[in-house]
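Have a look at the structure below, then the notes.
Where a number appears in this text, it was derived from the coordinates with a stated rule and is not lab data. All of these numbers come straight from a predicted model, not from anything done at the bench. Note: ideal-geometry Cβ built from the backbone for every residue, glycine included; neighbour counts use all protein chains shown.
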Amino acid sequence: MKILISAYACEPGRGSEPGVGWNAALQAARRHDVWLLTRSGNRAAIESGLRILPDGARIRVCPVADPRSGCLVPAGRSGKWIDYGRWQVAALDTAEELHRTVGFDLIHHVTFASWRVPTRLYELPVPVIWGPLGGGSGVPRGFGSVLGFQGRFSESFREASQYVSRRLPGVGRCARKCRLVLAANGVTRDFLSPLCESPPPVLCEMGVEIADFPERSPRPAHGGPLRIFWSGVFEPRKALPLLLGALTHPEAPDCTLDIAGDGPERERWRRAAARMNVEGRVRFHGRLVRHEALRLLEAADVFVFTSLRETTGWVLVEAMAAACPVVALDWSGTPDVLPAEAGIRIRPESPAQVRDGLARALARLSADPDLRVAMGKAGRAHVARNLTWDRYGAEMDRYYREFGGAR
């Protein structure tokens, strides 16, 4: 089949949205001829990555000029979404011209994996798949103290934006006109269902290469402090202070905490660690290159994922792939990827209750090395069965063959 992949964010060797766009294109090219619509700024990195891949010849890069050039666009998140909306208009023009020459069998819009700014590609006489999409969840009520002022403002603005955006005619029109809408998790499926003719199927928007995570030998009880690893962007919704507070709980085990990442909350979180008097057990490593972060993950006894809002959580899936047991919040997209046998999930009812739950979960894992090994093995097996890029590619190919062809 001739498939047009639309991936505004797309870059080899990256996680999050750029990694989703890149790997979705690679998986499609294993079975089909692919034309890749993406930002012109991504072109050099993509073409460099394609030169070393056997399926690269089946991907033709079709850059669409970044609309920000020469435009007075605000910086930050607002500017990002304005740029993306303008890019969508330019992408439609490029796709229309390509279709006249190529004659596509199917269009798949991959990134951004959000419903807020819908693709315009459904206007072409070609079946369109939109997604998998995230963005249907919010932070739980009562966690404003964890978010801080800026975080409370940001999440309140986002919640209002969600309410308005879902009622805009363009979002509903896109959901109805696309041949298939996919949701990345159950929360987003429920959120989008009223806009679609039928509830969107759920498919995780990401995967891993399980071979990148050699199976580690069962770690014997080392007799030292429990080694905890946390990784993520330092932004309010990632909620690291919940874990810092758990370390002060009377039931918390003897432990050390390695923290990888950086971002706007860096100073506030460092001050929180000092105020809670846990500095001696906590090490802020800053932003690490991938192999350095994986080395910390390999050495960890447990990975803790405190995000209050997440479509999936790339690092959560990588921790399971590395056979590391996980403690996470039972919220947003986490329940869709973390089975009960691979970790401990804590329902977020209040900050104090979460801190208590984290401390007790860590104490339980500290006292039971065999449980840590069993959870690690179960997580790795779950990823190998359900959360690899090969599995994503096979599932998407099934949808391509079912929905591709004449409208």
Please list, in order along segment 288-294, the HN-Hα scalar couplings obtained from phi with the Karplus expression 6.51 cos²θ - 1.76 cosθ + 1.60 (θ = phi - 60°), rounded to whole Hz, x for Gly and Pro. 10, 6, 4, 5, 6, 5, 5
Counting every Cα pair in segment 261-355, what percent are over 24 Å apart? 27 percent
Helix axis angle, 266-275 relative to the chain longest principal axis, alpha carbon, degrees: 20 degrees
Using all Cα-Cα distances in the chain, what percent lands in each 10 angstrom bin from 0 up to the longest? 5, 22, 31, 25, 14, 4, 0
Tally the DSSP beta bridges in the chain and give the antiparallel ones as a percent, rounded to 5. 0 percent
Treating only the Cβ atoms of Lys and Arg (+1) and Asp and Glu (-1) as charged, compute the dipole magnitude of the chain about its Cα centre; round to the nearest 20 debye. 640 debye
How would you rank 161-171, 8-18, 206-216, highest first, on the average number of other Cβ atoms within 10 Å across their residues? 8-18, 206-216, 161-171
Convex hull of Cα atoms in segment 135-279, direction-averaged projection (nm²): 12.7 nm²
Once both label points are put 7 Å beyond Cα along the C-beta direction, the A44-R30 separation in nm becomes 3.1 nm
Apply the Karplus parameterisation 6.51 cos²θ - 1.76 cosθ + 1.60, with θ equal to phi minus 60°, to every residue of segment 387-399 and state each ³J(HN,Hα) to the nearest whole Hz, in sequence, with x for glycine and proline. 10, 9, 5, 4, 5, 4, x, 5, 5, 5, 4, 4, 5
Among I52, I344, I228, the residue with the largest mean-square fluctuation in a Gaussian network model of the chain built from Cα contacts under 10 Å is I52
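Give me Rg/Rg_expected for segment 339-407, where Rg uses Cα atoms only and Rg_expected = 2.2 N^0.38 Å with N residues. Intermediate values should be presented prior to the final figure.
Numbers: Rg = 18.9 Å, N = 69, 2.2 N^0.38 = 11.0 Å.
For segment 339-407, the normalised Cα radius of gyration comes out at 1.72.
Per residue, what volume in Å³ does the convex hull of the Cα atoms of segment 253-302 enclose? Let's see the in-between values first.
Numbers: hull volume 3.9 nm³, N = 50.
Convex hull of Cα atoms, per residue: 79 Å³.
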Scattering profile of segment 210-386 at q = 0.15, 0.20 Å⁻¹ [log10 I(q)/I(0), Debye over alpha-carbon scatterers]: -0.79, -1.53
The helix 369-386 Cα axis meets the longest alpha-carbon principal axis of the chain at an angle in degrees, between 0 and 90 and rounded to 10, of 0 degrees
Give me the percent relative contact order of the chain, please, defined on Cα pairs under 8 angstrom at least 6 residues apart. 16 percent
Cut-off 10 angstrom, C-alpha nodes, Gaussian network model of the chain. Which of A24, A321, A340 fluctuates the most? A340
In whole Hz, with x marking every Gly and Pro, tabulate ³J(HN,Hα) for segment 312-326 from phi via Karplus 6.51 cos²θ - 1.76 cosθ + 1.60, θ = phi - 60°. 9, x, 4, 5, 5, 5, 5, 4, 5, 4, 7, 6, 9, x, 10
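Give a quick list of trypsin sites (Lys or Arg not before Pro) in segment 266-349 that DSSP marks as loop, anything other than H, G, I, E or B, with at most 15 other Cβ atoms within 10 Å.
Numbers: sites: R266, R268, R270, R271, R275, R281, R283, R287, R290, R295, R309, R345; in loops: R287, R309.
Answer in residue order: R287.
Quick one: order M396, M1 by neighbouring beta-carbon count within 10 Å, fewest to most.
Details: M396 21, M1 15.
Arranged by neighbour count, lowest to highest, M396, M1 become M1, M396.
What's the Cα-based Rg to Rh of segment 107-195, Rh via Kirkwood? Show your work: numbers first, answer last.
Working: Rg = 14.6 Å, Rh = 14.0 Å.
My calculation puts Rg/Rh at 1.04.
Using 0.36 nm per residue of separation minus the Cα-Cα distance, give me the extension gain between M276 and V102 in nm, one decimal.
On the way: separation 174, 0.36 × 174 = 62.64 nm, distance 6.17 nm.
Roughly 56.5 nm would be gained on extension.
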Segment 1-64: Rg to Rh, with Rh as the Kirkwood radius over Cα pairs: 0.91
